[in-house]
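**Q** To start, I am sharing the structure in question, which I have written as structure tokens.
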Amino acid sequence: MTTEKPEEAMTFGELLALIAEQQRRLTVLENAFASLTFCLDDRASQLLVHNLSLEAQNQNHDAQLQQHFTRLAEEIQKRNGPLPADPHA
């Protein structure tokens, strides 16, 4: 089966090959995203962590997706060090 002809039946082997290809593509995207976080200044990094944390609390997402957002926010925060205290608080 190809994506050009979705009406065709897919064999189990083709399904496994498609899943493996999608996993490779996802790995590339995860690595690219992780590398981009090193390009952010402190403020942009803080905003990214904050936004990911909000997504982790979004009730429109299932529990597993919320957990993935939480882990990503924690990983980025770990790389960039702790968030400084808000001087305006």
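Every number here is computed from the coordinates shown, using simple stated rules; none is lab data. Only a predicted model underlies this, so the values are computations on that prediction, with no experimental measurement involved. All Cβ positions, glycine included, derive from the backbone under ideal geometry; neighbour counts span all protein chains shown.
**Q** Highest first, please rank the peptides 22-28, 64-70 by the mean number of other Cβ atoms sitting within 10 Å of their residues.
**A** Highest mean packing first, the order is 64-70, 22-28.
**Q** Let me ask another. In Å and on Cα atoms, what radius of gyration and Dmax does the range 1-74 show?
**A** 17.1, 50
**Q** Separation between the Glu14 and Thr70 pseudo-spin-labels, each 7 Å from Cα along Cα→Cβ, expressed in nm?
**A** With each label point 7 Å from Cα toward Cβ, the separation is 4.0 nm.
**Q** Could you go through the range 70-76 in sequence order and give the Karplus-derived ³J(HN,Hα) for each residue, using 6.51 cos²θ - 1.76 cosθ + 1.60 with θ = phi - 60°, rounded to whole Hz, and x for Gly and Pro?
**A** Going residue by residue, I get 4, 4, 5, 4, 5, 5, 5 Hz, with x marking Gly and Pro.
**Q** Can you give the extra length, in nm with one decimal, that the chain gains between Arg25 and His50 once fully stretched, where that is 0.36 nm per residue apart less the Cα-Cα distance?
**A** Numbers: separation 25, 0.36 × 25 = 9.00 nm, distance 2.63 nm.
Contour length minus Cα-Cα distance gives 6.4 nm.
**Q** Hey, another quick one. Mind giving me the nanometre distance, one decimal, between the label points for Asp42 and His61, set 7 Å out from Cα along Cα→Cβ?
**A** Rounded to a tenth, the inter-label distance reads 2.6 nm.
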